[in-house]
1. Counting residues that are modelled with pLDDT of 95 or more and touching a Pro at 6+ places or on another chain (Cβ under 8 Å), which helices (runs of 4 or more DSSP H) fully inside the range 1-117 reach at least 3?
2. For the range 166-209, how many residues are part of a loop (DSSP other than H, G, I, E, B) and either under 20 Å from the mean Cα position of the chain (by Cα) or among the charged types (D, E, K, R) (or both)?
3. Considering only residues that are in a loop (DSSP other than H, G, I, E, B) and within 15 Å of the ligand (Cβ to nearest atom), which ones fall in the range 125-165?
4. Assuming P174 fulfils every condition listed in (1) touching a Lys or Arg at 6+ places or on another chain (Cβ under 7 Å); (2) open to solvent by 30 Å² or more (accessible area, probe 1.4 Å); (3) not charged (D, E, K, R) apart from one, which condition is it?
5. Cβ-Cβ below 9 Å, separation at least six or inter-chain, first residue in the range 166-183 and on the phi > 0 side of the Ramachandran plot, second among the small types (G, A, S) and surrounded by fewer than 14 Cβ atoms within 10 Å (Cβ to Cβ): which pairs?
6. Might you check whether a residue that is surrounded by fewer than 21 Cβ atoms within 10 Å (Cβ to Cβ) and more than 14 Å from the ligand (Cβ to nearest atom) occurs anywhere in the range 96-111?
Amino acid sequence: MPNDTMTQEKTLAAGKVWLIGAGPGDPELLTVKAARLIAGADALVYDHLVGKGITDLARPDARLIYAGKEASRHTLPQESINNLLVDLAREGLSVVRLKGGDPFIFGRGGEELETLVDFGIPFEVVPGVTAASGCAAYSGFPLTHRDHAQAVTFVTGHLKDGTVNLDWPALARPCHTVVFYMGIGAAGEICRQMIAHGLPAQTPAAVVRNGTLPDQQTLLATLGTLPDRIAESGIKPPALIVVGSVVDLHARLSWFER
Ligand code: SAH
């Protein structure tokens, strides 16, 4: 890591917000740019999935604000977070808004930026390694592979009114990897629909929990067996469900959990 670049810019522009992806967990997956900005910011507003190893990079005198958000235990409502960013910037602070993974992938980063635009607050966006990339890399299944999948889809499995409304025919295509974020609570429905829309029950499926962190867990199953495996193991969020034959490559390519 280029230390010179990191220490050069101690003072960031006042009254500005950087929306930054903190990556999936392993602090070393942070971008060099993210690390530099975190180390320079006056205030850091961070989410549940941002690890301590990352917030520790903040200046000792920086204001650290936890904005929360665990499934169904929202700490600050989205609107309060949007307003908080505006208030901090208007105080003249350099503000880093840190989100797990990539801020533009199921991160509601867009909504926060729209509020900043409404109030005329300048901002920049720094992408991060999204959970699907992190989990795939550390679990040893490439998301695409010439022999297995020519396409990959990231989709939310978050339940709305107890159901998952997704374009099942489009998801249940062959030669395709589908990664469900926030899908653990809906795993039964997800597997049932994927089978009902044409995928064989033997299609490989996996859950990766706490991907890229020392306690990463990978659960291997098929569409037919995954819901029971999840129930037996008691595996909890944060976890991804990955569906597709690339999951089989775990047997040969897994390196991190060994
Ligand atoms: N913006 C984030 C996603 C936020 S939604 C990103 O790009 O990764 C939160 C969901 O992401 C979790 O419910 C879980 O499905 C997934 N997730 C985030 N970090 C994860 C991790 N380390 N391991 C497994 N899943 C993770």
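1. none
2. Of the residues in that region, 5 qualify.
3. P127, G128, V129, T130, G140, F141, L143, G157, H158, L159, V164
4. Every listed condition holds for P174 apart from (1).
5. C175/A151
6. No: zero hits.
The rows are residues; the columns are (1) farther than 30 Å from L88 by Cβ; (2) acidic (D, E); (3) open to solvent by 40 Å² or more (accessible area, probe 1.4 Å).
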{"residue": "D118", "(1), (2), (3)": "no, yes, yes"}
{"residue": "I121", "(1), (2), (3)": "no, no, no"}
{"residue": "V125", "(1), (2), (3)": "no, no, yes"}
{"residue": "L159", "(1), (2), (3)": "yes, no, yes"}
{"residue": "L166", "(1), (2), (3)": "yes, no, yes"}
{"residue": "P169", "(1), (2), (3)": "yes, no, yes"}
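The values are calculated or read from the model by the stated rules, or taken from the named source; none is laboratory data. This is a predicted model, so every value here is computed, not measured. Cβ coordinates were reconstructed from backbone atoms using ideal geometry, including for glycine residues, and neighbour counts include every protein chain displayed. Each accessible area value is taken on the protein alone, full model and side chains, heavy atoms only, with ligands, DNA and RNA left out. Shrake-Rupley method; radii C 1.70, N 1.55, O 1.52, S 1.80 Å.
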